[in-house]
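J.: Structure in structure tokens, see below.
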Amino acid sequence: MTKRMIRVLLTKAGLDSHDRGMRVVAAAIRDAGMEVIYGGVFQTEESIYRMAVDEDVDVVGLSFLCGGHVEWVERVIGLFLDRGADLPAFLVGGIIPHDDMLKLKNLGVKEVFGPGTDLNEIIETIKRITL
């Protein structure tokens with residue numbers, strides 16, 4: 001019996017359209033043997049929720065470069081909780097002020113990655129939180 005690949009949804013919420021960094025992360029995660037569902041940019045809370053549920057992902061990775069990250073994460077996680085869906089692990093990356101990192105973790109985010117985070121650190125974190 002073969003073990004199912006770790007499934008990771010990577011996407012950007014709201015009006016943030018800068019996705020070059022997220023594409024680099026997606027390629028590294030794929031090369032590490034995980035399945036990447038690339039959600040693209042300009043996603044709504046509902047579309048992020050729907051992709052995660054439809055694709056049965058283990059991890060939701062949200063990238064933010066233009067603010068609003070605490071509110072967005074709170075609303076997306078809220079959809080899972082309100083609808084009784086299985087909650088995947090959440091990771092957040094991007095330009096996140098240090099003071100907001102604890103707020104995100106208090107909402108249930110497993111890890112927050114800032115600019116310049118080593119790709120191996122991201123991969124190892126995904127493996128650790130999905131075991």
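J.: Sticking with the crude label model, points 7 Å out along Cα→Cβ, report the distance from Ala27 to Ile129 in nm, one decimal please.
T.: It is 2.4 nm.
J.: Here's another thing I want to ask about it. Rounded to the nearest 20 Debye, what is the dipole magnitude of the chain about its Cα centre when Lys and Arg each give +1 and Asp and Glu each give -1 at the C-beta? Walk me through the numbers before you get to the answer.
T.: Numbers: 15 positive and 20 negative charges, 55 e Å.
It works out to roughly 260 debye.
J.: Now a separate question. Assuming 0.36 nm per residue, please report the length gained on full extension of the stretch Arg50 to Lys3 beyond their Cα-Cα distance. Write out the running numbers ahead of the final one.
T.: Details: separation 47, 0.36 × 47 = 16.92 nm, distance 2.44 nm.
Length difference between fully extended and current span is 14.5 nm.
J.: Considering the options Ser63, Asn120, Leu107, tell which one lies farthest towards the positive end of the dipole of the stretch 38-131, charges being +1 on Lys and Arg and -1 on Asp and Glu at the Cβ, about the Cα centre.
T.: Leu107
J.: On a C-alpha basis, how far is the centre of the stretch 71-131 from the centre of the stretch 22-52 in Å? Whole number, if you could?
T.: Value for the Cα centre distance between the two parts: 13 Å.
J.: Using label points projected 7 Å from each Cα along Cα→Cβ, tell me how many nm separate Asn120 and Glu71, to one decimal.
T.: 4.0
J.: Return the carbon/sulfur percentage of the accessible area of the stretch 1-72, one whole number, probe 1.4 Å, all protein chains in place.
T.: Working: 2060 of 3760 Å².
On the stretch 1-72, the fraction of accessible area on carbon and sulfur atoms equals 55 percent.
J.: May I pose another question? Order His98, His69 by their accessible area, 1.4 angstrom probe, all chains in place, largest first. Can you show the working numbers first?
T.: Numbers: His98 145, His69 10 Å².
I get His98, His69, largest accessible area first.
J.: To continue, here is another question. Go through Met5, Met34 and list them by solvent-accessible area, largest first, probe radius 1.4 Å.
T.: Numbers: Met5 90, Met34 5 Å².
My answer, sorted largest first, is Met5, Met34.
J.: Moving on. For Lys105, give me every one of the aspartates and glutamates with a C-alpha distance below 17 angstrom, ignoring sequence neighbours fewer than eight places off in its own chain.
T.: Within the straight-line cut-off, Lys105 pairs with Glu71, Glu74.
J.: Return the calculated 222 nm mean residue ellipticity for the chain, to the nearest 500 deg cm²/dmol, obtained by summing -39500 (n - 2.57) across DSSP H runs with n ≥ 4 and dividing by the residue count.
T.: Details: 5 runs with 59 residues, N = 131.
Rounded to the nearest 500, the figure is -14000 deg cm²/dmol.
J.: Given that just one value was derived from the coordinates, which of (1) 46, 33, 23; (2) 62, 35, 32; (3) 42, 35, 25 is Cα extents along the principal axes in Å?
T.: Here Cα extents along the principal axes in Å agrees with entry (3).
J.: List the aspartates and glutamates whose Cα sits under 13 Å from the Cα of Lys127, skipping any in the same chain fewer than 8 residues away.
T.: Within the straight-line cut-off, Lys127 pairs with Glu35, Asp58, Glu111.
J.: Could you give the accessible area per residue of the chain, probe 1.4 Å, as a whole number in Å²? Don't jump to the answer; show the numbers that get you there.
T.: Values: 7230 Å² over 131 residues.
Accessible area per residue, the chain: 55 Å².
J.: Next question, about the same structure. Give me the percent relative contact order of the chain, please, defined on Cα pairs under 8 angstrom at least 6 residues apart.
T.: With pairs under 8 Å counted, the relative contact order is 25 percent.
The values are calculated or read from the model by the stated rules, or taken from the named source; none is laboratory data. Bear in mind the structure is a predicted one, so any value in this text is a computation, not a measurement. Don't worry about glycine lacking a Cβ; one is built from the backbone with ideal geometry, like all the others, and counts go over all protein chains shown. With ligands, DNA and RNA removed, areas are computed over all heavy atoms of the protein, side chains included. Shrake-Rupley method; radii C 1.70, N 1.55, O 1.52, S 1.80 Å.
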